[in-house]
Amino acid sequence: MHNVRKTTFKNRSSMDIPYKFLANIFLFLIFAYSFCSCRHHNDNSDKAIFHYNESSGIQTLDPAFASGQSVIWPCNQLFNGLVDLDDSLNIVPAIAKSWAVSPDGRTYTFVLRQDVTFHQTEFFPFKGERHVTAHDFVYSFSRILDPDVASPGAWIFQKVKRDKEGKAAFRALNDTVFQIELSEPFPPFLGILTMKYCSVVPHEVVERYGKDFRNHPVGTGPFKFQLWQEGVKLVLRKNPDYFEFDEQGNRLPYLDAVAISFIIDKQSVFMEFMKGTLDFMSGIDACYKDALLTKQGTLNPEHKDEVKLITGPYLNTEYLGFMLKPGDKENPLLDRRVRQAINYGFDREKMMKYLRNNVGYAGTAGFVPMGMPSFCPERTGGYNYNPKKAAQLLAEAGYPNGKGLPPISLSVPAAYADLCQYIQHELSELGIQLKLDVTQGAQLRQMMRNYQLPFFRGSWICDYPDAENYMALFYSKNLQPVGSNYTHYVNPAFDKLYEKSQRCADEEKRTEYYIQMDSMLMADAPVVVLYYDKVVRFVRSNITGFESNPVNMLDLRRVKK
C-alpha cells in the first residue's frame, strides 16, 4: 500500500476542487496521449496493447543495470545483443548473423547483420537511419567495464583479455565484424553474451544524457520508449523498423504497444487480472494461489474460459546451505552424516503439494535444476524422504534419536518461513531441533557472504544457460569475497573436475563432468535442495503466441491479442 497523507480541510476555498479536478484530468490526458500514440502508429495493425504489472517497480531502463527481472523484462523489449536464447536454451543469432570460435577457444568473431537500426525517438531524432556497427559493440561492452558507470554486470567480462593499460580486447575489424579475445578458454562465454548486459546502445544518446539514459533508452528492440511516469505507468510502442520477421515474412512484433503498471498490492493485481485489465500475471502469491490453482498445480476449472495457465521448468534452485568453514569443532553441521540426515528427514513431495500447490518440482536430485542438459537424477543421486536412513545416520554421528545434538539455527527470510516451519516440524520427529531465525533479505545475504550463518536459505537463478554457473558456487577459488561460494565448500577432487570442464570445448564431455561434480555435491551434502522452480504464467484467453521458457524471459515479439 502507498502511504497516503491525510489532511482535513476546514475552510476550503472554491478553487480547491477545480484544482484537484484539473490535476486528475491532466494525468488522464497523459495516458490518453500515450494510448492514442500507440494506436495511431500503424493503421494496418490490430492496435493491440499488452498490459502487465510490475509490483516491485522498475529502477532503470539502462541495460548496463539489468540485474533483476523487473529491469530485464522491459530491457528485453527495448534492446538486442549479438546472440539470444530460444525457448529450448539454444543460442541463436540476433544482431550477429554468424560467429566463429578459434581452435584455441580464445577468440570469438561475429559477423553482424547490416539491416539493424537504432530506434528513432523524439530524444534521438537522428536524420535518416542510424545502423548498428561493430564499433557500437566495442563502445557498449567497454561501457560495462567502465568504473565510472559501475555496472553490476562488469563480472561477465572477467575472462576478456586486457592490454597493459587495462583496455579490454573488444575489436571492430570493420563495420560488420566484431571480435572478442579471452585471456583463457571459457566455453560458457557465448551463453554469457545472451544476457541483457550485452545489449548494444548508441553512444550519441548515452553521452548526451549520461545517467539519465535510464529514462531515455534507445535500443534496437521490437518496442521503443514512449512514456514513463515512474511508479504509475510505462508505455513502450511498437518499433516499425524492427529487423526480425516471422516465417510468413511479416515484420515482428505483432503487438502495437506494451503498457506496464506498478500496483504494489498483490491482491489488487489479482483483481485487475481477473477483470481483464491486465493480460498477464507471473508467479504465484499466497493471497490468490488457491483461487487459481488446485493442490495438484493445475488451473482451477472455474477459470478455464477466461484464463490460460502456462508452466515449465525454471532454472532456479531453491536450497538451504550449510556453512562449512572449519574452525568450530563443536559445530555438528561439519559432520557430513548430520547434513545427510537433515536431507533425508523431510518429505519434499508433500511440502510442494500442500505449501506451494505443486508450483515447482521436489528437489530430490542434484543441485543443477530441471531444464538443464546435465540434470540427471539417475546419476547425480539426491535425497528422498527416508526417516529410517536419517535416524541411522544420526546414530552413526553420535546423536541417537537426536540425543546430544544442540539446536541448529536456520536463517530464513519471512517469505520462506512457512516452508521452513514445515521442515522444522518434520525434523523434530527425528530429534533434530531447528531454531528459525527470520531475517530481512538484505541482512541475510550480507551475513551469508561473511560466513556468519551456520545454516541459511538460498536460491540460485542461472545467469547464463550452462551448468558451470551452478558448479561455480562450490569451486574453492570462488570463496568470498571474490566469488559466490557461500557454503565454504572445499573439495580438491571437485576443483579438479571443475577446472577440467573449463578447458573442454566438447559440450557432451563437459556435461559429463558437470554430472560427476553434481554427484560429489550430493554425497558431501553442503546444501539441502528444496525444489527446482517452475515458471508459472497466467494469461487471458484472448492472448496467443505467449510461451514459457526456462530462464523466465518475457518475450513479446510473437504475441497477439
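The values are calculated or read from the model by the stated rules, or taken from the named source; none is laboratory data. None of the values given here were measured: they were computed from a predicted structure. As a convention, Cβ positions derive from the backbone with ideal geometry for all residues, glycine included, and neighbour counts pool all protein chains shown.
Screening the candidates SER519, SER501, SER459, SER476 for the property of being closer than 21 Å to VAL368 by Cβ and within 19 Å of the chain's Cα centre (by Cα) yields one hit, SER459.
Only one of the listed residues (SER98, SER102, SER55) is touching a residue at least 60 places away in the same chain (Cβ under 8 Å) and out of contact with any Pro (no Cβ under 7 Å at 6 or more places or on another chain). That residue is SER55. Could you identify the single residue in TYR416, TYR422, TYR470 that is under 30 Å from LYS266 (Cβ atoms), at pLDDT below 95 and in a helix (DSSP H, G or I)? Criteria check complete, one pass: TYR416.
Here is a check on your reading of the model: is GLU318 over 17 Å from PRO407 (Cα atoms) and either in a loop (DSSP other than H, G, I, E, B) or in contact with a strand residue (DSSP E or B) (Cβ under 8 Å, 6 or more places away or on another chain) (or both)? So GLU318 passes the test. Taken together, GLY297, GLY321 contain a single residue that is buried (at least 16 other Cβ atoms within 10 Å of the Cβ), farther than 28 Å from ASN542 by Cα and either touching a residue at least 12 places away in the same chain (Cβ under 8 Å) or of a type in the set (Lys, Arg) (or both), which is GLY321. Looking across the range 42-77, the residues that are modelled with pLDDT of 95 or more and over 17 Å from the mean Cα position of the chain (by Cα) come down to ILE49, PHE50, HIS51, TYR52. Tallying residues that are buried (at least 17 other Cβ atoms within 10 Å of the Cβ), assigned to a loop (DSSP other than H, G, I, E, B) and among the β-branched types (Val, Ile, Thr) within the range 264-294 yields 1. Residues being in a strand (DSSP E or B) and either among the charged types (D, E, K, R) or assigned by TED's automatic domain parsing to the domain that holds TYR108 (or both) are represented in the range 142-160 by at least one member.
Within the range 109-117, is even one residue under 27 Å from GLY68 (Cα atoms) and either under 30 Å from the mean Cα position of the chain (by Cα) or surrounded by 16 or more Cβ atoms within 10 Å (Cβ to Cβ) (or both)? Yes.
In the set (1) assigned by TED's automatic domain parsing to the domain that holds ILE95; (2) part of a helix (DSSP H, G or I); (3) touching a strand residue (DSSP E or B) at 6+ places or on another chain (Cβ under 6 Å), THR194 fails one condition alone, (2).
From the list GLY210, GLY249, GLY231, the lone residue that is over 24 Å from the mean Cα position of the chain (by Cα), at positive phi, in a loop (DSSP other than H, G, I, E, B) and surrounded by fewer than 20 Cβ atoms within 10 Å (Cβ to Cβ) is GLY249. Checking GLN158, GLN179, GLN114 one by one, the residue that is over 21 Å from ASN215 (Cα atoms) and in contact with a Leu (Cβ under 8 Å, 6 or more places away or on another chain) is GLN179 and no other.
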